[in-house]
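The values are calculated or read from the model by the stated rules, or taken from the named source; none is laboratory data. Bear in mind that the values here come from a model prediction, so they are computed numbers and not experimental data. Glycine gets a Cβ as well: all are built from the backbone with ideal geometry, and neighbour counts include every protein chain shown. Accessible surface is based on the protein model in full, side chains and every heavy atom, while ligands, DNA and RNA are left aside. Shrake-Rupley method; radii C 1.70, N 1.55, O 1.52, S 1.80 Å.
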Amino acid sequence: MRSDWCFFLDRKNMEKKYKWLLFDADNTLLDFSKAARKSFDCVLTAEGIEPTQEHWDSYDAINERLWGMLEKGTITKEKIRTERFRLFLEKWSFDVDYTKVSKEYLAQLIPQSTLFDGALELLNDLKAHFLLGIVTNGLKEVQRPRLRQVGIYDLFDVVVVSDEIGSFKPNAAFFDHTFEEMKYPLKESVIIIGDNLNSDILGGMNYGIDTCWFNFNKNINKTAIVPTYEISELKQFKSVVF
C-alpha cells in the first residue's frame, strides 16, 4: 500500500508545467501569408493593375524589410502603414495613391483572414486546461477584428496588440505589459509559441519564458536562437504542453 507521501509525489508529477499559453497570431494561428496575398491582389486589381508573382515578391520583400526595421527600432508602425506601398508603387512606376491603397489593403485583411488547419480544434482542446493569450505585433485596426472574423477571439483570456500599447516583440516592455495583464504568473508557468525566431522566440528567451517555434515551412534555423521546442504542425503543440 502506497504512503500518503508517495501519492503526493505522483500527483505533483502529474501537474502540468504550464498554466499560460501565449500564441502569436499571424502565421501561427492565422494564415497571414494567404490573407496578405489575397488582399494585395484585390487592391491592385481594383486599381486596374493585373497582379503578378513578381509584383507580390517585390512587395513582400519591402514589407519584410520594414518590419525588420521596426523590430530594431529604426521605423515606426505609422510609417509602415503607408511606406510599404509607397515604395512598391514607386518601384513599379504605378501612378496610384499609395495612402488609398494602404487603407484598402488593411480593410481587405479582415474578410480574407483564415485559420491554419487544426487551429480551432487545438484552441478548443487547450481552453479546458490552460489560460490562453494572444501576443501579436499586428496593427490595431485589423488584429482584433481578424480574430473575431475567424471565430477565436473569445477563447483568449488576454489579447495584447503591440500597436495598442506602443511596444512590440521582442522588446521586454511588450512582455512586461503582457505579464501585467496576466496578473504576473511565474515565468516558468508560461510558454510562447510563434513562427518568428526573432520576435517570438528570442523575445521569449530574453524574457525568461519557454518558447516553441512553429516552423511550418520546415526552414533550417541558421541563427544562434535555440527554442525550447520546435514543431512543424500545430497539433504537435499538445504534446509539448501536456
Taking the range 173-231 and the residues there that are part of a helix (DSSP H, G or I) and of a type in the set (D, E, K, R), the one that is nearest to the chain's Cα centre (by Cα) would be D200
Among residues of the range 76-130 being within 19 Å of D163 (Cβ to Cβ) and of a type in the set (D, E), the residue most open to solvent (accessible area, probe 1.4 Å) is E78
Note on D117: of the conditions (1) part of a loop (DSSP other than H, G, I, E, B); (2) in contact (Cβ under 8 Å) with a residue 12 or more places away in the chain; (3) over 30 Å from Q236 (Cβ atoms), unmet is (3)
Which members of the range 131-156 meet the condition of being within 21 Å of Q112 (Cα to Cα), assigned to a strand (DSSP E or B) and either in contact with a Phe, Trp or Tyr (Cβ under 8 Å, 6 or more places away or on another chain) or open to solvent by 30 Å² or more (accessible area, probe 1.4 Å) (or both)?
-> I134, V135
Looking at (1) surrounded by 16 or more Cβ atoms within 10 Å (Cβ to Cβ); (2) free of Cβ contacts under 8 Å to residues at least 60 places away in the same chain; (3) assigned to a helix (DSSP H, G or I), which is the only condition V159 fails?
-> (3)
Can you find a residue in the range 103-120 that is closer than 16 Å to A35 by Cα, touching a Phe, Trp or Tyr at 6+ places or on another chain (Cβ under 7 Å) and at pLDDT 95 or above?
-> yes
Matching residues, the range 164-178, being surrounded by fewer than 17 Cβ atoms within 10 Å (Cβ to Cβ) and free of Cβ contacts under 8 Å to residues at least 12 places away in the same chain | G166, A173, D176
State yes or no: is V190 over 17 Å from L21 (Cβ atoms), out of contact with any helix residue (DSSP H, G or I) (no Cβ under 6 Å at 6 or more places or on another chain) and touching a residue at least 40 places away in the same chain (Cβ under 8 Å)?
-> no
For the range 28-75, name all the residues that are of a type outside the set (D, E), outside any helix (DSSP H, G or I), in contact with a Ser or Thr (Cβ under 8 Å, 6 or more places away or on another chain) and open to solvent by 20 Å² or more (accessible area, probe 1.4 Å).
-> P51
